[in-house]
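**Q** Got a structure for you, questions after.
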Amino acid sequence: MADDSAGVVAHQGGAETFAQQQTGAADAPVFRPPGRKFLELRHEPSRINGALLGLIGAALFIGLWEAGHYLTPEEGRQFLPSVGEVIYALIDLFREQNFLDDVIASCIRISVSFFAAAAIAVPLGVLMGSFKNLRALLNPTLSAWKYLPAASFMPLLLVWFGPTDTAKLALLFIGVVFFLVALVLDNAEAVPSEFTEAALTMGASRWEVVLNVIVPAAAPAIFDSMRNMIAVGWTYLVIAEIVGARDGIGAMMMRAGRTLSVDQIMAGILTIGILGVLTDILFRMAARLLLPWATSR
Amino acid sequence: MSVKPLIRATAVGKDYNEGAVRALSNISVDLHENQITALVGPSGCGKTTLLRIIAGLDFPTRGAIAIDGKTVQGPGPDRGLIFQAYTSFPWLTAVRNVEYGLKILGIDKEERRQRALDFLKLVRLDHVADHYPRSLSGGMKQRVALARTLAQRPRIVLMDEPFGALDAQVRWEMQELLVELVEAEPRTVVIVTHDIGEALYLADRILFFSRQPGRIKADLTLDFKGGRRLKEKEELFSLPGYREMEKHLFSMMREEIAAVDNAA
């Protein structure tokens, strides 16, 4: 109350506002913004509040996990280890079991096969998005492949290549390339026709339009498509490594499964999660660096 | 002012959906060098279709367009096109946008940069030469597109509702800028608009289109301006004959609306 009256006095002494000139300060209505609800429609939280909410979400998850651990009867607890036990298992894996080699092996596999897939899918998608005849020629066949579960190719790949790295790389490649083509095709087609037509009326050739207009115009969207598909790549990597590998994160998890070391299995899952987030950040940083005109924030 | 026909349309017709829709029917018209011609009419009258056929982006079903006696076979840098949508490339800075058109023409790097800066200055954007379009307003983006097109020195500048997305005040500034640019360096301009005021201010001649099928309903030379282009738009209102012309255009537009209402 005291604050309120002080506020009014300060107002009267201050510069004359339009409202004061109109009605006199005493009966000038005071506008109080209504309080924000937690579920305020389309309201963007501040940076700090956003980060805080993210942390609360993570804490809730960890809390649930911990609760699950302690609510499990003691004889079954090893099958749902606590957060601390999983982190301890992770440290132990790095220290005692050369887990770093596994992580590196997995990272190399995903890099090689993903970039092979991108090297084919991106140019192909751009061309199909630029030339509709090419799309008509290839897209029906390529989209059919999307409906074949990549994992079902594993037996075939094992027969062809044996339990080699080639088989694993091929699985990852198959799992990613067809979806990536479809996404890049959409990205290229989404380039406004005004851009391509403007270039044509300036005298650009078809190929100049593809290279100098469609590629740069679609580049930010293509980057996003790649970022999303590499996440899918991790899924196939683990499948490939579980089926037949001596090293890699998936192989470690399979070994741990044989000894019922749930903490190590979970440590493997956690590692993949962390690596996934790191790749995501890496892609975003690369986009910001390579396409400064597209990143508004 | 020269009156030699630069663009000649001979019996141009355009159908869509295998003749189900007649966008244009039998258009024969000569457009003259260094004139500003406005194509005016209700939506769906085919004025944009005719512009795109002149640009070489669409092809007629019947008839042909000839530029200087040569039949149009496709788009080319002799006919610059400005769209209503912002087409300044977001991945290039303002000056690089203008340079892009010059690069296509094979102009070497130094001259390219110089000419691009000259034209940015002409549209009063030299202070934001190194900005990406993202940080420019709608009017500024459209001025980049204008500079990019004009820098190529096309014989014909085609404009498809170029100021339609801009708010009223910016649109007015852009109209006066366009007159200024055409006065500084004579150009042949064909502009599609449904804004009668814009057509009256900018054009030397108005082709009024009617729809279903799209055809030229009236061919009006704006004699009341005395063959002069006005620097300021408000000068228009005190010219004798202006009101009558405006009224005439409005009543033609009303007839078009009524025709559609009756058909429905």
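**Q** Can you list the chymotrypsin sites (Phe, Trp or Tyr not before Pro) in region A:35-121 that are in a DSSP coil and have 10 or fewer other beta carbons within 10 angstrom?
**A** Sites meeting the loop and neighbour criteria: A:38.
**Q** Once each part is reduced to its C-alpha centroid, what is the distance from region A:33-106 to region A:229-297 in angstrom?
**A** 17
**Q** Follow-up. At a 10 angstrom cut-off on C-beta neighbours, averaged per residue, how do the peptides B:207-217, B:37-47, A:139-149, B:108-118 rank from highest to lowest?
**A** In decreasing order of mean packing, B:207-217, B:37-47, A:139-149, B:108-118 become B:37-47, B:207-217, B:108-118, A:139-149.
**Q** Report the full-extension gain for the segment residue B:184 to residue B:234: residue separation times 0.36 nm, less the Cα-Cα distance, to one decimal in nm.
**A** Stretched fully, the residue B:184-residue B:234 segment lengthens by 15.9 nm.
**Q** Quick query: amide H of residue B:205 versus all other amide H atoms, modeled in the peptide plane; which residues come in under 5 Å with a sequence gap of 5 or more or a different chain?
**A** B:36, B:38, B:222
**Q** In addition: How big, in percent, is the set of alpha carbon pairs in region A:128-262 lying more than 23 Å apart?
**A** 49
**Q** Over the C-alpha atoms of region B:87-153, what are the Rg and the largest Cα-to-Cα span, Dmax, in Å?
**A** 10.3, 30
**Q** Next up: Using only the alpha carbons of region B:1-93, what is the convex hull's orientation-averaged projected area in square nanometres?
**A** Averaged projected hull area, Cα only: 7.8 nm².
**Q** Would you kindly calculate the mean projected area, averaged across all directions, of the convex hull enclosing the Cα atoms of the protein assembly as shown, in square nanometres?
**A** It is 41.9 nm².
**Q** Once you keep just the Cα pairs under 8 angstrom separated by 6 or more residues, what percentage relative contact order results for chain A?
**A** Worked out over chain A, it gives 21 percent.
**Q** Here is a follow-up. How many percent of the accessible area of the protein assembly as shown is carbon or sulfur, using a 1.4 Å probe?
**A** Ligands and nucleic acids excluded, carbon and sulfur reach 60 percent.
**Q** Using the crude model of +1 on Lys and Arg Cβ and -1 on Asp and Glu Cβ, and no other charge, please compute the dipole size for the protein assembly as shown relative to its Cα centre, in debye to 20.
**A** Computed about the Cα centre, the dipole is about 1440 debye.
**Q** By the scheme Lys and Arg +1, Asp and Glu -1, what is the net charge of all other residues having a beta-carbon under 14 Å from that of residue A:140?
**A** Surrounding charge for residue A:140 is +3.
**Q** Working from Cα positions, state the angle (0 to 90°, nearest 10) between the long axis of helix B:94-104 and the longest principal axis of chain B.
**A** Helix B:94-104 sits at roughly 80 degrees to that axis.
**Q** Moving on. Where does chain B land at 222 nm, in deg cm²/dmol rounded to the nearest 500, when only DSSP H runs of n ≥ 4 count, each adding -39500 (n - 2.57), divided by all residues?
**A** The helix-only estimate for chain B comes to -11500 deg cm²/dmol at 222 nm.
**Q** Over 29 Å apart: what share of the alpha carbon pairs of chain A falls there, rounded to a whole percent?
**A** For chain A, the fraction of Cα-Cα distances above 29 Å is 58 percent.
**Q** Which aspartates and glutamates, if any, have their Cα less than 20 Å from the Cα of residue A:146, not counting same-chain residues under 8 positions apart?
**A** A:186, A:189, A:224
**Q** Let me ask something else about it. Can you show me the helix-derived [θ] at 222 nm for chain A, built from DSSP H runs with n ≥ 4 at -39,500 (n - 2.57) apiece and divided by the number of residues, rounded to the nearest 500.
**A** -24500 deg cm²/dmol
**Q** If you don't mind, there's one more thing I want to ask. How much of the DSSP beta bridge set in the protein assembly as shown is antiparallel, as a percent to the nearest 5?
**A** Bridges in the protein assembly as shown that DSSP calls antiparallel: roughly 55 percent.
**Q** Just subtract the alpha-carbon distance of residue A:156 and residue A:74 from 0.36 nm times their residue separation and send over the number in nm, one decimal.
**A** 25.2 nm
**Q** What order do you get for B:18-27, A:181-190 when each peptide is scored by the mean count of other beta carbon atoms within 10 Å, highest first?
**A** Ranked from most to least packed, the peptides come out as A:181-190, B:18-27.
**Q** Could you work out, residue by residue across B:83-90, how many beta carbons of other chains sit within 10 Å of that residue's beta carbon, and then give the average as an integer?
**A** That average works out to 5.
**Q** Tell me which DSSP H helices of chain A clear both cut-offs, 27 Å or more of axial length from alpha-carbon atoms and a mean Kyte-Doolittle hydropathy of at least 0.0.
**A** Those that clear 27 Å and a mean of 0.0 are A:47-71, A:99-130, A:165-189, A:215-244, A:262-290.
**Q** Further, regarding this structure: Can you run phi through the Karplus equation (6.51, -1.76, 1.60; θ = phi - 60°) for region B:124-136 and list ³J(HN,Hα) in whole Hz, with x for Gly and Pro?
**A** 6, 10, 4, 6, 10, 3, 9, 8, 7, x, 3, 8, 9
**Q** Based on the mean of other beta carbon atoms within 10 Å per residue, what is the order of A:43-55, A:256-268, most packed first?
**A** A:256-268, A:43-55
**Q** If you don't mind, there's one more thing I want to ask. Mind checking the mean number of beta-carbon atoms from other chains within 10 Å of the Cβ atoms in B:94-101?
**A** Partner-chain Cβ atoms within 10 Å, mean over residues of B:94-101: 2.
**Q** At 0.36 nm per residue, and after removing the present C-alpha to C-alpha distance, how many nm does the segment from residue A:82 to residue A:27 gain when stretched out fully?
**A** Working it through step by step, the gained length comes to 13.6 nm.
**Q** Under a point spin-label approximation (7 Å from Cα along Cα-to-Cβ), what is the residue B:71-residue B:254 distance to one decimal in nm?
**A** Reported label-point gap for residue B:71 and residue B:254 is 4.4 nm.
**Q** A further question on this structure: Would you mind checking the tilt of helix B:242-263 against the longest principal axis of the Cα atoms of chain B, expressed as 0 to 90 degrees and rounded to 10?
**A** Between the helix axis and the principal axis of chain B, the angle is about 60 degrees.
**Q** Throw me the Rg/Rh for chain B, computed over C-alpha atoms with Kirkwood Rh, two decimals.
**A** That ratio is 0.97, to two decimals.
**Q** Based on alpha-carbon centroids, what's the gap between region B:20-56 and region B:228-257 in Å, whole number please?
**A** Cα centroid to Cα centroid, the span is 21 Å.
**Q** Also, quick follow-up: Have a look at B:190, B:209, B:227 and report the one farthest towards the positive end of the charge dipole of region B:179-264, computed about the Cα centre with Cβ charges (Lys/Arg +1, Asp/Glu -1).
**A** The Cα lying farthest towards the positive end belongs to B:209.
**Q** If each of residue A:131 and residue A:208 carries a label point 7 Å out from its Cα toward its Cβ, how far apart are those two points in nm?
**A** About 1.9 nm, to one decimal.
The values are calculated or read from the model by the stated rules, or taken from the named source; none is laboratory data. It should be emphasised that the depicted structure is a prediction, and the values quoted were computed from it without experimental measurement. For neighbour counting, all protein chains shown are included, and Cβ atoms are generated from backbone atoms with ideal geometry for every residue, glycine included. Accessible surface areas use protein heavy atoms only, side chains included; no ligands, DNA or RNA. Shrake-Rupley method; radii C 1.70, N 1.55, O 1.52, S 1.80 Å.
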